Amino acid sequence: MNNFKVSSKNNSSILNNFFQGNKLPIIITAIFFFSMFYVAFIVADNTIWNQDGIWYYITGKEFFDGNSHNIQIINAPLGTPIIYAVLDDLFGMPSETAKSLSLISGTVIVLFSYFITKNIFGAKIAIITQIIVAVNAKLHFLSVLALNELMPIALIISSFYFLTKNELKNSDFVIIGILLGLSFMLRYQAILVILGIVIFLFIRNKKIRSNALKSGILILVFLTTASPI
(Lines give C-alpha, C1' and ligand atoms only; values in the text may rest on other atoms or scores of the structure.)
Protein backbone atom coordinates (compact mmCIF):
# COMPACT_ATOMS: atom_id res chain seq x y z
CA MET A 1 0.00 0.00 0.00
CA ASN A 2 2.83 2.36 0.89
CA ASN A 3 4.59 1.46 -2.34
CA PHE A 4 1.43 2.33 -4.24
CA LYS A 5 1.24 5.74 -2.55
CA VAL A 6 4.90 6.44 -3.31
CA SER A 7 4.41 5.42 -6.94
CA SER A 8 1.35 7.66 -7.24
CA LYS A 9 3.25 10.59 -5.78
CA ASN A 10 6.14 10.01 -8.18
CA ASN A 11 3.82 9.86 -11.19
CA SER A 12 2.04 13.00 -10.03
CA SER A 13 5.37 14.77 -9.59
CA ILE A 14 6.48 13.77 -13.09
CA LEU A 15 3.24 15.08 -14.62
CA ASN A 16 3.51 18.33 -12.66
CA ASN A 17 7.09 18.86 -13.79
CA PHE A 18 6.13 18.12 -17.39
CA PHE A 19 3.33 20.66 -17.50
CA GLN A 20 5.28 23.26 -15.56
CA GLY A 21 8.32 22.86 -17.78
CA ASN A 22 6.37 22.91 -21.05
CA LYS A 23 3.49 25.23 -20.22
CA LEU A 24 4.50 28.12 -22.48
CA PRO A 25 5.07 26.10 -25.70
CA ILE A 26 1.76 24.32 -25.09
CA ILE A 27 0.00 27.66 -24.61
CA ILE A 28 1.55 29.04 -27.82
CA THR A 29 0.47 25.92 -29.72
CA ALA A 30 -3.06 26.11 -28.29
CA ILE A 31 -3.39 29.80 -29.22
CA PHE A 32 -2.28 28.99 -32.77
CA PHE A 33 -4.72 26.08 -33.07
CA PHE A 34 -7.81 27.88 -31.80
CA SER A 35 -7.01 31.07 -33.74
CA MET A 36 -6.61 29.18 -37.00
CA PHE A 37 -9.69 27.07 -36.25
CA TYR A 38 -11.73 30.24 -35.83
CA VAL A 39 -10.44 31.66 -39.11
CA ALA A 40 -10.81 28.41 -41.08
CA PHE A 41 -14.30 27.39 -40.01
CA ILE A 42 -16.05 30.53 -38.77
CA VAL A 43 -14.61 33.67 -40.35
CA ALA A 44 -13.10 32.88 -43.73
CA ASP A 45 -14.98 32.14 -46.92
CA ASN A 46 -12.15 30.56 -48.90
CA THR A 47 -14.08 28.41 -51.36
CA ILE A 48 -11.87 29.45 -54.29
CA TRP A 49 -8.68 28.50 -52.46
CA ASN A 50 -10.10 25.09 -51.52
CA GLN A 51 -10.33 23.90 -55.13
CA ASP A 52 -7.09 21.92 -54.79
CA GLY A 53 -8.56 19.94 -51.91
CA ILE A 54 -11.72 19.18 -53.88
CA TRP A 55 -9.61 18.10 -56.85
CA TYR A 56 -7.64 15.67 -54.69
CA TYR A 57 -10.91 14.36 -53.23
CA ILE A 58 -12.42 13.75 -56.68
CA THR A 59 -9.21 12.06 -57.81
CA GLY A 60 -9.35 9.73 -54.80
CA LYS A 61 -12.96 8.83 -55.55
CA GLU A 62 -12.00 8.02 -59.14
CA PHE A 63 -9.25 5.74 -57.86
CA PHE A 64 -11.62 3.76 -55.62
CA ASP A 65 -14.23 3.63 -58.39
CA GLY A 66 -11.71 1.80 -60.58
CA ASN A 67 -11.11 4.68 -62.97
CA SER A 68 -7.39 4.99 -62.33
CA HIS A 69 -6.72 5.41 -66.07
CA ASN A 70 -8.45 8.81 -65.83
CA ILE A 71 -6.18 10.00 -63.01
CA GLN A 72 -3.30 12.35 -63.67
CA ILE A 73 -1.61 14.27 -60.85
CA ILE A 74 1.46 16.37 -61.64
CA ASN A 75 4.37 16.25 -59.16
CA ALA A 76 2.44 14.34 -56.49
CA PRO A 77 1.58 10.68 -55.74
CA LEU A 78 -1.88 9.34 -54.92
CA GLY A 79 -1.45 9.44 -51.14
CA THR A 80 -3.42 12.63 -50.49
CA PRO A 81 -6.35 11.78 -52.82
CA ILE A 82 -6.69 8.38 -51.15
CA ILE A 83 -6.64 9.94 -47.66
CA TYR A 84 -9.26 12.54 -48.64
CA ALA A 85 -11.55 9.92 -50.19
CA VAL A 86 -11.27 7.55 -47.21
CA LEU A 87 -11.94 10.30 -44.67
CA ASP A 88 -14.92 11.50 -46.70
CA ASP A 89 -16.42 8.01 -46.50
CA LEU A 90 -15.94 8.12 -42.72
CA PHE A 91 -16.93 11.70 -41.91
CA GLY A 92 -18.35 13.34 -45.04
CA MET A 93 -17.74 17.04 -45.79
CA PRO A 94 -14.56 16.68 -47.91
CA SER A 95 -13.62 20.37 -47.83
CA GLU A 96 -13.93 20.62 -44.05
CA THR A 97 -11.99 17.37 -43.62
CA ALA A 98 -9.16 18.63 -45.82
CA LYS A 99 -9.02 21.92 -43.92
CA SER A 100 -8.92 20.00 -40.63
CA LEU A 101 -5.87 18.06 -41.85
CA SER A 102 -4.16 21.33 -42.79
CA LEU A 103 -4.97 22.82 -39.39
CA ILE A 104 -3.66 19.78 -37.52
CA SER A 105 -0.50 19.76 -39.66
CA GLY A 106 0.15 23.45 -39.00
CA THR A 107 -0.31 22.87 -35.27
CA VAL A 108 2.16 19.97 -35.35
CA ILE A 109 4.72 22.21 -37.08
CA VAL A 110 4.34 24.89 -34.40
CA LEU A 111 4.66 22.37 -31.57
CA PHE A 112 7.65 20.49 -32.97
CA SER A 113 9.47 23.71 -33.88
CA TYR A 114 9.93 24.20 -30.13
CA PHE A 115 11.24 20.70 -29.39
CA ILE A 116 13.58 20.61 -32.42
CA THR A 117 15.15 23.95 -31.53
CA LYS A 118 15.35 22.93 -27.88
CA ASN A 119 17.37 19.85 -28.86
CA ILE A 120 19.92 22.08 -30.58
CA PHE A 121 20.00 25.45 -28.78
CA GLY A 122 18.06 25.11 -25.52
CA ALA A 123 14.64 26.15 -24.20
CA LYS A 124 14.96 29.96 -24.37
CA ILE A 125 15.87 30.12 -28.04
CA ALA A 126 13.28 27.39 -28.70
CA ILE A 127 10.50 29.60 -27.33
CA ILE A 128 11.57 32.51 -29.55
CA THR A 129 11.74 30.20 -32.56
CA GLN A 130 8.29 28.77 -31.84
CA ILE A 131 6.78 32.25 -31.59
CA ILE A 132 8.36 33.23 -34.93
CA VAL A 133 6.93 30.09 -36.54
CA ALA A 134 3.51 30.58 -34.92
CA VAL A 135 3.11 34.14 -36.25
CA ASN A 136 4.28 33.31 -39.77
CA ALA A 137 1.66 34.54 -42.22
CA LYS A 138 2.44 31.83 -44.80
CA LEU A 139 1.80 29.12 -42.21
CA HIS A 140 -1.48 30.82 -41.26
CA PHE A 141 -2.55 30.85 -44.92
CA LEU A 142 -1.80 27.17 -45.48
CA SER A 143 -3.31 26.07 -42.14
CA VAL A 144 -6.81 27.29 -42.99
CA LEU A 145 -7.06 25.95 -46.55
CA ALA A 146 -7.75 22.56 -48.09
CA LEU A 147 -4.35 22.24 -49.77
CA ASN A 148 -1.82 19.42 -50.01
CA GLU A 149 1.06 21.43 -48.55
CA LEU A 150 1.35 21.05 -44.79
CA MET A 151 0.80 17.33 -44.19
CA PRO A 152 4.08 16.20 -45.82
CA ILE A 153 5.93 19.15 -44.24
CA ALA A 154 4.56 18.26 -40.79
CA LEU A 155 5.80 14.68 -41.20
CA ILE A 156 9.25 15.90 -42.24
CA ILE A 157 9.40 18.36 -39.33
CA SER A 158 8.40 15.57 -36.94
CA SER A 159 11.27 13.43 -38.23
CA PHE A 160 13.70 16.27 -37.48
CA TYR A 161 12.84 16.00 -33.80
CA PHE A 162 14.31 12.49 -33.69
CA LEU A 163 17.23 13.47 -35.91
CA THR A 164 18.27 16.30 -33.56
CA LYS A 165 18.33 14.18 -30.41
CA ASN A 166 21.64 14.04 -28.56
CA GLU A 167 21.88 10.24 -28.77
CA LEU A 168 20.57 8.66 -31.93
CA LYS A 169 19.51 5.02 -31.61
CA ASN A 170 18.56 2.57 -34.33
CA SER A 171 14.93 2.90 -33.20
CA ASP A 172 15.10 6.64 -33.95
CA PHE A 173 16.06 5.91 -37.54
CA VAL A 174 13.16 3.47 -37.82
CA ILE A 175 10.77 6.24 -36.76
CA ILE A 176 12.45 8.74 -39.10
CA GLY A 177 12.13 6.28 -41.97
CA ILE A 178 8.43 5.75 -41.26
CA LEU A 179 7.69 9.48 -41.06
CA LEU A 180 9.59 10.28 -44.24
CA GLY A 181 8.03 7.30 -46.01
CA LEU A 182 4.57 8.60 -45.15
CA SER A 183 5.59 12.07 -46.30
CA PHE A 184 6.82 10.62 -49.61
CA MET A 185 3.37 9.09 -50.14
CA LEU A 186 1.99 12.64 -50.08
CA ARG A 187 4.78 14.56 -51.81
CA TYR A 188 7.96 13.31 -53.51
CA GLN A 189 10.24 15.92 -51.89
CA ALA A 190 10.89 13.66 -48.88
CA ILE A 191 13.43 11.73 -50.96
CA LEU A 192 15.69 14.80 -50.86
CA VAL A 193 15.51 14.79 -47.06
CA ILE A 194 16.57 11.12 -47.02
CA LEU A 195 19.60 11.91 -49.18
CA GLY A 196 20.50 14.84 -46.93
CA ILE A 197 20.31 12.69 -43.79
CA VAL A 198 22.50 9.97 -45.30
CA ILE A 199 25.12 12.55 -46.29
CA PHE A 200 24.94 14.08 -42.80
CA LEU A 201 25.51 10.68 -41.17
CA PHE A 202 28.69 10.02 -43.13
CA ILE A 203 30.25 13.45 -42.62
CA ARG A 204 29.48 13.89 -38.92
CA ASN A 205 32.15 11.40 -37.78
CA LYS A 206 34.44 8.60 -39.01
CA LYS A 207 32.34 5.68 -37.72
CA ILE A 208 31.70 4.33 -41.19
CA ARG A 209 30.29 0.94 -40.15
CA SER A 210 27.85 2.45 -37.64
CA ASN A 211 26.76 5.18 -40.04
CA ALA A 212 26.31 2.64 -42.84
CA LEU A 213 24.09 0.51 -40.56
CA LYS A 214 21.95 3.50 -39.57
CA SER A 215 21.68 4.62 -43.21
CA GLY A 216 20.67 1.11 -44.24
CA ILE A 217 17.96 0.98 -41.58
CA LEU A 218 16.69 4.41 -42.61
CA ILE A 219 16.54 3.61 -46.32
CA LEU A 220 15.00 0.15 -45.80
CA VAL A 221 12.24 1.44 -43.51
CA PHE A 222 11.62 4.39 -45.84
CA LEU A 223 11.24 2.17 -48.90
CA THR A 224 9.03 -0.29 -47.01
CA THR A 225 6.74 2.47 -45.76
CA ALA A 226 6.52 4.17 -49.16
CA SER A 227 6.14 0.91 -51.12
CA PRO A 228 2.32 1.07 -51.45
CA ILE A 229 2.75 4.06 -53.77
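The values are calculated or read from the model by the stated rules, or taken from the named source; none is laboratory data. Computed from a prediction, not measured in an experiment: that's the story for all the values here. Note: ideal-geometry Cβ built from the backbone for every residue, glycine included; neighbour counts use all protein chains shown. For the accessible areas, the whole protein counts, side chains as well, though only heavy atoms, and no ligand, DNA or RNA atoms are used. Shrake-Rupley method; radii C 1.70, N 1.55, O 1.52, S 1.80 Å.
Quick look at the numbers
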read-out	value
Residue check for Ile178: in a helix (DSSP H, G or I), closer than 25 Å to Pro94 by Cβ, open to solvent by 20 Å² or more (accessible area, probe 1.4 Å) and of a type in the set (Val, Ile, Thr)	no
Hits in region 88-118 (condition: open to solvent by 50 Å² or more (accessible area, probe 1.4 Å) and more than 15 Å from Leu150 (Cα to Cα))	Asp89, Leu90, Phe91, Met93, Glu96, Phe115, Lys118
Cβ-Cβ under 7 Å pairs, at least 6 apart or on other chains, region 30-42 side touching a residue at least 12 places away in the same chain (Cβ under 8 Å) and closer than 14 Å to Leu139 by Cα, far side among the small types (Gly, Ala, Ser) and surrounded by 16 or more Cβ atoms within 10 Å (Cβ to Cβ)	Phe32/Ala134; Met36/Gly106; Met36/Ser143
Close pairs from region 181-207: first open to solvent by 30 Å² or more (accessible area, probe 1.4 Å) and at pLDDT 85 or above, partner among the charged types (D, E, K, R) and in a loop (DSSP other than H, G, I, E, B), Cβ under 6 Å, at least 6 apart	none
Considering residues of region 137-150 that are open to solvent by 30 Å² or more (accessible area, probe 1.4 Å) and touching a helix residue (DSSP H, G or I) at 6+ places or on another chain (Cβ under 9 Å) only, the residue nearest to Lys118 (Cα to Cα)	His140
Set Ile58, Ile26: member being β-branched (Val, Ile, Thr), under 18 Å from Thr97 (Cβ atoms), in a helix (DSSP H, G or I) and modelled with pLDDT of 70 or more	Ile58
Residue under evaluation Asp172, criteria (1) of a type in the set (Asp, Glu); (2) under 23 Å from Thr80 (Cβ atoms); (3) out of contact with any Ser or Thr (no Cβ under 9 Å at 6 or more places or on another chain), criterion not met	(2)
